Amino acid sequence: MRIGVMGGTFDPVHIGHLVIAEEARYQVELDRVMLVPSARPPHKTGTSQAGPEHRLAMLELAVRSNPGLEVSDLEVRREGLSFTIETLRELHRIYGSEAGLFFITGADAILEIMTWKDPEGLLTESQFVVATRPGYPLDRLVEALPEFNSEGEKAAENILFIETPALEISSTEIRNRVAERRPYRYLVPEAVWQYIEENGLYG
Ligand code: ATP
Ligand code: MG
């Protein structure tokens with residue numbers, strides 16, 4: 001079994017997330033991709049953010065019609081901070097140690113990886129799949145990797161780079177648009193747009 005795992009705050013989920021999840025599923029031949037919203041993002045602050053139950057509900061709506069994508073409430077249910085390494089270990093306990101885990105991130109997120117808890121452990125538990133994102137050229141990224149630590153060269157071998165259609169969308173941009181009453185309807189799935197409107201999120 002080859003399982004993609006995509007972490008994030010998904011506040012809210014948008015079509016940029018879904019495009020890279022689906023593209024990774026196709027290019028890396030994954031059986032499924034799990035979207036795992038974090039409960040309490042260790043390094044995110046700001047106002048007008050939605051609680052975990054809203055973020056989970058929007059994700060469920062977003063993947064409803066695609067059997068290849070699913071949502072996991074693993075990190076939301078766990079007490080305390082969300083550490084990816086613990087999530088990957090838990091998934092290995094659930095699916096067996098022989099299951100292949102592929103942690104999917106945008107190019108901006110991979111640059112932070114070595115600042116996460118136990119970066120070497122992360123690369124032991126899973127392979128990384130890095131999707132290009134506008135403004136984060138891959139060659140700069142590859143050059144930067146060996147600088148993280150002495151394991152950088154080895155780390156680079158565990159990272160797959162995939163090219164995905166570039167969508168200049170972020171959750172921050174969507175939250176700002178909602179707050180400023182600018183259009184955002186087609187940047188998220190229809191059902192997510194409805195959910196945000198009905199629940200008055202990010203207002
Ligand atoms: P925020 O603006 O709140 O940081 P975000 O849009 O960056 O939100 P996150 O939940 O932080 O979304 O990101 C989850 C994952 O999705 C990260 O790996 C991030 O790199 C990736 N990602 C987010 N938006 C895009 C996009 N438009 N294209 C490619 N990858 C993306
Ligand atoms: Mg982000």
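In table form, for the structure just shown:
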item	result
Extent along principal axes [Cα atoms of region 1-112; Å; largest to smallest]	39, 28, 27
Cβ-Cβ FRET estimate between ALA166 and TYR186, R0 fixed at 22 Å, reported to 0.05	0.85
Rg over Rh, two decimals, region 1-40 (C-alpha only, Kirkwood Rh)	0.99
Sites TYR26 and ALA179, calculated FRET efficiency, Cβ-Cβ separation with R0 41 Å, nearest 0.05	0.75
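Laboratory data are not the source of any read-out in this text; all were calculated from the coordinates shown. None of the values given here were measured: they were computed from a predicted structure. Glycine gets a Cβ as well: all are built from the backbone with ideal geometry, and neighbour counts include every protein chain shown.
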